[in-house]
Amino acid sequence: MYLTGFADEAANDIDGQIRAIKALGWTNIESRAIDGVNLTLIDDAKFETVCEKLAAAGIAVNCFGSGVANWAKKISDPPDSSYDELRRAIPRMRRLHTTMIRVMSFAMPQDASSNDPGVEKEVIARMRTLVRMAEDGGVTIVHENCDGWGGLSWEHTLRLLDAMASPNFALVFDTGNPVFHYDVRGSGPYSRQDAWEFYSHVKDHIAYIHVKDGRMERDTMRYTFPGEGDAQVSRILADLKKRGYNGGFSIEPHMAAVAHDPAKKSEATVRFENFAEYGRRAEKLLREAGYSL
């Protein structure tokens with residue numbers, strides 16, 4: 001078992017991100033953005049500098065937090081940018097000895113139109129292309145239950161898994177995302193997903209965990225420290241321990257900085273301290289679940 005996190009929520013630059021990870025005594029980072037640009041998309045010279053700084057600090061990148069098929073890549077748009085990003089990421093993953101890359105399954109409206117058989121067919125075709133690339137590149141795609149077809153319900157996730165049927169395709173389960181997303185099955189009206197229900201149906205396929213929490217307050221998303229919201233984080237962590245899960249736990253606070261909301265950027269010290277406190281609280285919950293840190 002190991003801890004890691006989206007340290008771009010602690011600092012924009014790689015030096016600050018490394019400091020945040022080392023402040024917690026961790027040796028892994030889930031790398032997403034460096035100075036506002038995804039690790040896959042920064043130029044070659046900057047990428048080499050990042051690699052050198054990580055190596056000097058003894059920090060490994062356990063997962064690429066990519067933008068492949070994410071909330072900004074609509075199903076109504078051509079998929080080329082996602083294909084190009086994965087193609088560019090694979091050699092960089094090899095350079096960093098990273099085996100996992102986080103993806104989603106193309107953004108779409110959370111309404112009945114997403115259940116159209118034609119939409120499902122197109123999503124599966126696109127995702128199969130990505131999975132074949134991962135197979136050829138020797139990396140594993142971990143699909144997040146977020147803004148995308150596969151995150152519309154636990155049933156959508158299982159149908160996507162069945163359609164991929166590849167050892168290079170698995171799940172990263174984000175504890176907090178169900179709290180903020182609708183369960184889009186049938187014709188509606190739709191209610192919010194339940195984190196425990198979603199987890200219970202997909203847990204056999206989980207390769208990685210994102211620790212996030214929060215609650216809806218009058219249709220407004222409010223992120224909280226782990227264990228203080230409606231994501232049933234403690235219950236899920238306890239069950240993971242009982243089941244023998246020994247993989248990674250990655251914190252994604254979203255409290256002082258949100259990757260997809262540029263307006264939510266706190267002062268640098270606040271971001272750093274919030275990330276560190278979030279990490280300490282996640283450690284406490286893991287100990288309570290029975291994990292030895």
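Since every read-out is calculated from the coordinates, none of them should be taken as a lab result. As the structure is a prediction and not an experimental result, all values here were calculated from the model. Neighbour counts are summed over all protein chains in view; Cβ atoms, including those assigned to glycine, are modelled from backbone coordinates with ideal geometry.
For this structure, a couple of remarks:
- Amide H contacts of Asn70 (H built 1.01 Å from N, under 5 Å, at least 5 apart or other chain): Met104, Phe106
- Förster radius 25 Å - calculated FRET efficiency between Glu155 and Ser113 (Cβ-Cβ, nearest 0.05): 0.90
- When Asp136, Asp13 are sorted by how many other C-beta atoms sit within 10 angstrom of their C-beta, beginning with the fewest, the order is Asp136, Asp13.
- Take the Cα of Asp239, step 7 Å toward its Cβ, do the same at Asp15, and the gap between the two points is 4.5 nm.
- Taking 0.36 nm per residue of separation and subtracting the current Cα-Cα distance, fully stretching the chain between Lys74 and Ser292 would add 74.4 nm.
- Restricting attention to the range 137-293, the count of lysine pairs at 8 or more positions apart or across chains with alpha carbons under 25 Å apart stands at 11.
- Contour excess over end-to-end distance, with Cα ends at Ser187 and His201 and 0.36 nm allotted per residue: 2.9 nm
- For the chain, the Kirkwood radius over C-alpha pairs fed into Stokes-Einstein at 4 °C and 1.567 mPa s yields D = 68 µm² per second.
- When the chain is treated as a Gaussian network with alpha carbon springs shorter than 10 Å, the biggest mean-square fluctuation among Thr40, Thr224, Thr175 belongs to Thr224.
- Segment Thr269..Asp162, full-extension length gain: 34.1 nm, with 0.36 nm per residue of separation and the alpha-carbon distance subtracted.
- Sorted ascending by nearby beta carbons within 10 Å, beginning with the fewest, Ile141, Ile75 become Ile75, Ile141.
- Among Lys212, Lys74, Lys241, the ranking by other beta carbons within 10 Å of each residue's beta carbon, starting with the fewest, stands as Lys74, Lys241, Lys212.
- The phi-based Karplus calculation (6.51 cos²θ - 1.76 cosθ + 1.60; θ = phi - 60°) puts the 3J(HN,Hα) values of the range 228-245 at 9, x, 9, 7, 6, 4, 4, 5, 5, 4, 5, 5, 4, 4, 4, 7, x, 5 Hz, whole numbers, x for Gly and Pro.
- The phi-based Karplus calculation (6.51 cos²θ - 1.76 cosθ + 1.60; θ = phi - 60°) puts the 3J(HN,Hα) values of the range 14-22 at 5, 4, x, 5, 4, 4, 5, 5, 5 Hz, whole numbers, x for Gly and Pro.
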